[in-house]
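Have a look at the structure below before the remarks.
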Amino acid sequence: MSLSVISPAEARRRLIEGSAVLVDIREPMERAREAIPGALSCPLSASNESALAGLPSGKSLIYHCQSGRRTFENEGRLACFGSGEAHILEGGLAAWKASGYPTRIDRGRPIEMQRQVQIVAGALVFAGVMLAWLVHPMFLALAGFVGMGLMFAGVSGWCGMARLLGILPWNRRPAT
């Protein structure tokens, strides 16, 4: 079963009239930093039938993530939840914001772990290349090591850098 795609304007109209419920499938850390007010949290890592059991009956579900990609990738799984009609918010949270609709932002919360890994990995590769150019060619090993770690993370699903970043103080605050 495939889910129909609706625009942010249509989603907002349905939410205002009370005929739909917005379901945020992002992880708690992402949601803690920015979310659409009133959206229910049902992270993909924990989504199951009991997580959505408390939804009001007779309302359609509108799923969203950050950009819409994760929602489309998990469309078949999400279509199994709920008993009524279900939709995907076209463009996710990014399109919602681009349409000028409100979000709740808490800049005191850390950015998503994936973005933190991208920032640190990029900085280490850049530093390795610059140091190899300016100081000694052996610094290329730093760039190679980071690249190898990223490949391992992609293949295995386990990221050592994310684990290390996860123990830093700003990442140990509970997501609300």
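Within the set of pairs 6+ apart or on separate chains, which have a first residue in region 1-27 that is in contact (Cβ under 8 Å) with a residue 40 or more places away in the chain, a second that is of a type in the set (Phe, Trp, Tyr) and part of a helix (DSSP H, G or I), and C-beta atoms under 9 Å apart?
Close Cβ pairs (under 9 Å, with a partner that is of a type in the set (Phe, Trp, Tyr) and part of a helix (DSSP H, G or I)) amount to Leu3/Phe72; Val5/Phe72; Pro8/Trp96; Ala11/Trp96; Arg12/Trp96.
Every residue in region 64-93 that is hydroxyl-bearing (Ser, Thr, Tyr) and crowded, with 16+ Cβ neighbours inside 10 Å, please.
Result: Thr71, single match.
Conditions tested, residue by residue: (1) closer than 28 Å to Gly58 by Cα; (2) out of contact with any Pro (no Cβ under 9 Å at 6 or more places or on another chain); (3) at pLDDT 90 or above.
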position: Trp96; (1), (2), (3): yes, no, yes
position: Arg109; (1), (2), (3): no, yes, no
position: Gln116; (1), (2), (3): no, no, no
position: Val120; (1), (2), (3): no, yes, yes
position: Met130; (1), (2), (3): no, yes, yes
position: Val135; (1), (2), (3): no, yes, yes
position: Leu140; (1), (2), (3): no, yes, yes
position: Gly154; (1), (2), (3): no, yes, no
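Go over the candidates Leu150, Leu142, Leu89, Leu124 one by one and state the one that is assigned by TED's automatic domain parsing to the domain that holds Ile25 and among the hydrophobic types (A, V, I, L, M, F, W, C).
One residue alone meets the criteria, Leu89.
Quick check: anything in region 17-32 in contact with a helix residue (DSSP H, G or I) (Cβ under 7 Å, 6 or more places away or on another chain), assigned to a loop (DSSP other than H, G, I, E, B) and at pLDDT 95 or above?
no
Can you confirm whether region 36-57 contains a residue that is surrounded by 14 or more Cβ atoms within 10 Å (Cβ to Cβ), over 30 Å from Gly166 (Cβ atoms), touching a strand residue (DSSP E or B) at 6+ places or on another chain (Cβ under 7 Å) and at pLDDT 90 or above?
No: zero hits.
The values are calculated or read from the model by the stated rules, or taken from the named source; none is laboratory data. Note that the coordinates shown come from a computational prediction; the quantities given were computed from them, not determined experimentally. Here the Cβ is made from the backbone with ideal geometry for all residues, glycine too, and neighbour counts use every protein chain on show.
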